[in-house]
Each structure stands twice: as structure tokens, then as C-alpha cells.
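Here's the structure, in C-alpha cells; my notes come after.
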Amino acid sequence: MTKPADHVHRERILTSHEETLFVEAGAGTGKTTSLVARVVHMVATGHLKQIGQLAAITFTENAAAELRSRIREGLEGASRGAHLEQTYGDVQRARCRTALGSLEDAVIMTLHGFSARILGEAPIEAGLPPGFGVADTMTSSVSADDAWRAFLDELLEDETVRPQLVAGLTIDPRILTTLHDIAGAMSGSWDRLVDHPLRVRPLPTIDGHEVIAALREVLKDRGRWPSGDNLTASLEGRTSVTLSALQRATDPMEVLELLSQKLSAKGGQAPAWANCGLSKADLVAALTVAEDARLSLLRDIGAVVTETLAARVQDWVLLEAERRRSEGSLDFHDLLVLARNLLRDTPS
């Protein structure tokens, strides 16, 4: 029988038990077969003295179930003398039979299942109630929705961030939906928030003075503009109205609402503007200055709003993680973090 082109690599996976290997291969090329053969060979050769020392971790329940079944089949074959192309002697066969009888001691499960098993062996050390569990998807979803609505109620009543919240809603009415998405992303990595704290930041002054100054420059020669020109109509319409409204506005949120609209003017024949004060090119440049000032202010406000509201979401996400821990009703990410923390912080 012709050996496959990657025979050397397969043989290394099978027999090299003293080194860590990373195997990359496409679907259907035999990764699981090689992994099962490695486990069986470790048992048969005595490298794995007890099957309970085995940890074979997968990402899905189906994969874990398949892997356990195939390891069982491999041990059964080896206990009869052969598995795949490997032939085993009496001592090796006996080791495989012993392992078969204790296969339930092996950790062949998902990463989350392995984490739950670790925590289950030392719940007190992990800061968990002994009867902790993983909330089912439906219960977890309903609980999360209720908690989010309660958080929004608190946020809307929080006077310390009201200006930032109102500013955010003025710029983008969908901001609460965006916050929900941020909360979801944070919840999936809540342990990292502790090292990257966000803070409440005050809003910058919102008076639009730089935009107003730039628009005044745009409109300073309005009495000399050519009549009937499209650019004239555009400037005398929306641009002029915006400047007048900004000059009258006294409430910062009114100014912000006015600045939420793009400043632009269309059309215009360049020759018609040759003797009208600012040329068409100069007018466009002056309007660009106004638009840049508008965008700069919105960026500054947006940065403050984002960090401030995200800080509130961050605090809520961390409180929720603490609540789940104290109640012993964990989600999948909680399992990973708490198991990691237990192994890192409690060597015993």
C-alpha cells in the first residue's frame, strides 16, 4: 500500500509524545483520525499511564461526542491487537483494555464543559456557590433583556450623564440601539474591562462659533452675488438660514441639532462669480472651512458621548458579571474567565 505524501507528519503526530504539536489541515484530511491514533498510541505505549489524565478539548458538543466514540473504538481495536496500521503486543493490548474500562474518567468535552468541571471541583475557591450552573439560553436571554431595560431606566434618570445622553440622541436617535450592541460586545469580554477603564467626560462647549465665523465669511458678499445662479439660490436658502438660526440659538442642544446637517452648496457658473467678491472657488473653500469646523465639533462631542455612555455600560456589564457569579447562574464566558482565574490565582 502506497503511503500518503504526508506520512512523515502523520507518524510524528502518532509517536511524538514529548512535544506540543499544532496541526493545520483541510476538512476531511484525517485530523481527527490522527488525533485518535495519537491517544491510542499514548495509552498502548504507557506514555499515558491512566486514561483519567487525558484532556481532549473540542469546541462543540457534537465534536466531543464523536471524539469520545472514536477513541473508544480505537481502544477496542487496539485491545484486540491492532488499530489502523499499528500492531500491539500483549502488554500494550492490556493497557488499552484497562483504559477502556475507565474511559469515563477521561476529559473529552468542550472547552466550556472542561471549565465547568474545573470550577465544580473547587467552587468555594472560585468564589461560587456550590450549586452553581450555566443558565439555559432562553432563561439567560430573558434575564439579560430585563436587566438591560432596568439599566436604560437608570441611565435615563442619571443626571450626571444627562447632557452627554441628550447630545448623543441629538446626533443619532439610534444611539440606545448602538449602546445595546456595545453592551453585547463588552459582555463577551467583560474580564478585559477591568484593565481598560472608561470614564465620564464633560461635553465641550457647544456654541458653534467656529462654524458661525466661517459661514459669515461665506455670506459676507451676498449683496453682490449674481441673480438667477444656482449657487446663489443655494447659499441664500439653506446656508443663510442655518447661519441665522445658529446666531439666534442659545441652547447648546439647539446648536447641536442645527450642526447635525451637512453644510454644502451646489451648482454655480464660475464666470458669473468673477466680479462678485469671493470667486466661486473661494466660496467653496470658505464653505469647506465651515463644514470642517462642524465635523470637528461633532467628532469631539461624539468621542465624549461614546466614552461617557460606554463607561456606564461598562459598569453595568461588570455588575452583571458579579451578579451572575454570586447567584451561581453563569454564562459561557463566565465559565472560561472564572476557570482561568482559579487556575491562575489558586495553585493548589
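The values are calculated or read from the model by the stated rules, or taken from the named source; none is laboratory data. Keep in mind the model is a prediction, meaning the values are calculated, not measured. For neighbour counting, all protein chains shown are included, and Cβ atoms are generated from backbone atoms with ideal geometry for every residue, glycine included. For the accessible areas, the whole protein counts, side chains as well, though only heavy atoms, and no ligand, DNA or RNA atoms are used. Shrake-Rupley method; radii C 1.70, N 1.55, O 1.52, S 1.80 Å.
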- request: Tell me which residues, restricted to region 37-58, are more than 14 Å from Ser79 (Cβ to Cβ) and in contact with a Lys or Arg (Cβ under 7 Å, 6 or more places away or on another chain).
  value: Gly46
task: Please work out which residue is most open to solvent (accessible area, probe 1.4 Å), limiting yourself to region 10-52 and to residues that are assigned to a helix (DSSP H, G or I), farther than 18 Å from Gly81 by Cα and aliphatic (A, V, I, L, M).
output: Leu35
statement: In region 262-284, anything at positive phi and open to solvent by less than 20 Å² (accessible area, probe 1.4 Å) is listed as Gly268
- prompt: Within region 53-83, can you find the residues that are open to solvent by less than 40 Å² (accessible area, probe 1.4 Å) and in a helix (DSSP H, G or I)?
  reply: Ala63, Ala64, Leu67, Ile71, Gly74, Leu75, Gly77, Ala78, Ser79
- line: Leu231 passes all but one of the listed conditions (1) open to solvent by 40 Å² or more (accessible area, probe 1.4 Å); (2) within 18 Å of Ala285 (Cβ to Cβ); the exception is number (1)
- prompt: Has region 305-318 got any residue that is at positive phi and without any contact (Cβ under 8 Å) to a residue 40 or more places away in the chain?
  reply: no
- request: Could you please let me know if Ala5 is touching a helix residue (DSSP H, G or I) at 6+ places or on another chain (Cβ under 9 Å) and not hydroxyl-bearing (Ser, Thr, Tyr)?
  value: no
field: Within region 307-319, tally of residues that are open to solvent by 30 Å² or more (accessible area, probe 1.4 Å) and in contact with a helix residue (DSSP H, G or I) (Cβ under 8 Å, 6 or more places away or on another chain)
entry: 3
field: From Leu259, Leu287, Leu246, Leu203, residue being under 41 Å from the mean Cα position of the chain (by Cα), open to solvent by less than 20 Å² (accessible area, probe 1.4 Å) and closer than 17 Å to Pro163 by Cα
entry: Leu259
- line: So the helices (runs of 4 or more DSSP H) completely within region 85-158 holding 2 or more residues that are loosely packed, with under 14 Cβ neighbours inside 10 Å and of a type in the set (A, V, I, L, M, F, W, C) are 90-101, 137-156
